[in-house]
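Each value in this text was obtained by applying a stated rule to the coordinates, not by laboratory testing. Computed from a predicted structure; not experimentally measured. Positions of Cβ are generated from backbone atoms using ideal geometry, with glycine treated the same way; all protein chains shown enter the neighbour counts.
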Amino acid sequence: MVFNTGAALLDAIVLAVVSKEPEGTYGYKITQEVRQVIELSESTLYPVLRRLQKDECLEVYDRECAGRNRRYYKVTERGDAMLHLYESEWKKYSEKISGMFEGGIKDE
């Protein structure tokens, strides 16, 4: 993709992916789903997950899987509120950009 993916957009995408699973989901699965829309390495994803955890948007817990612990991430109430804000802002932003490509922005 030729467009840069900033921190806010990464946060929004990760929150959207994690929010699809009520019980949360684990890092590898998050990476695979995010990769469906943008290029992303695991080394990029984990700092995003840590930042969202630090900002109290995600909670973390471990669950055993095949004899090993797997770290799960789940959206908190604060994370859900942030996701709704990101969705609202993205809709406005994308409409403006699309408007520019389609012939300019009309006066509001």
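Quick notes
- Mean Cα-pair separation over length for the chain, i.e. relative contact order, pairs under 8 Å, 6 or more apart, %: 27
- Per-residue HN-Hα couplings for segment 27-36 [Karplus 6.51, -1.76, 1.60; θ = phi - 60°; Hz; x = Gly/Pro]: x, 4, 5, 4, 4, 4, 6, 5, 4, 5
- Most mobile listed residue (GLY27, GLY79, GLY67) in the chain, GNM with C-alpha springs under 10 Å: GLY67
- Rounded, prolate or oblate (a/c below 1.5 giving rounded, otherwise prolate when a/b exceeds b/c) for segment 37-89 by Cα gyration tensor: oblate
- Among GLU23, GLU42, GLU64, the largest mean-square fluctuation in a Gaussian network model of the chain, built with springs joining Cα atoms closer than 10 Å, belongs to GLU64.
- Local charge for LYS20 was computed over the other residues whose Cβ lies under 13 Å away, with Lys and Arg +1 and Asp and Glu -1, and equals -2.
- For TYR72, residues with placed amide H under 5 Å, excluding near neighbours: TYR61, ASP62, ARG63
- Under Karplus coefficients 6.51, -1.76 and 1.60, residue-wise ³J(HN,Hα) of segment 65-75 in Hz, glycine/proline x: 9, 6, x, 10, 7, 10, 7, 10, 10, 9, 6
- With semi-axes defined as the square roots of five times the eigenvalues of the C-alpha gyration tensor, the equivalent ellipsoid of the chain measures 31, 15, 10 Å, largest first.
- Cα gyration tensor category, rounded, prolate or oblate, for segment 63-108 with a/c compared to 1.5: oblate
- Linear extension gain, LYS20 paired with ALA7, 0.36 nm per residue minus alpha-carbon span: 2.6 nm
- For the chain, lysine pairs with C-alpha atoms less than 22 angstrom apart, excluding pairs fewer than eight positions apart on the same chain, total 10.
- Stretching the chain fully between ILE97 and ALA66 yields a gain of 6.5 nm (0.36 nm per residue, less the alpha carbon separation).
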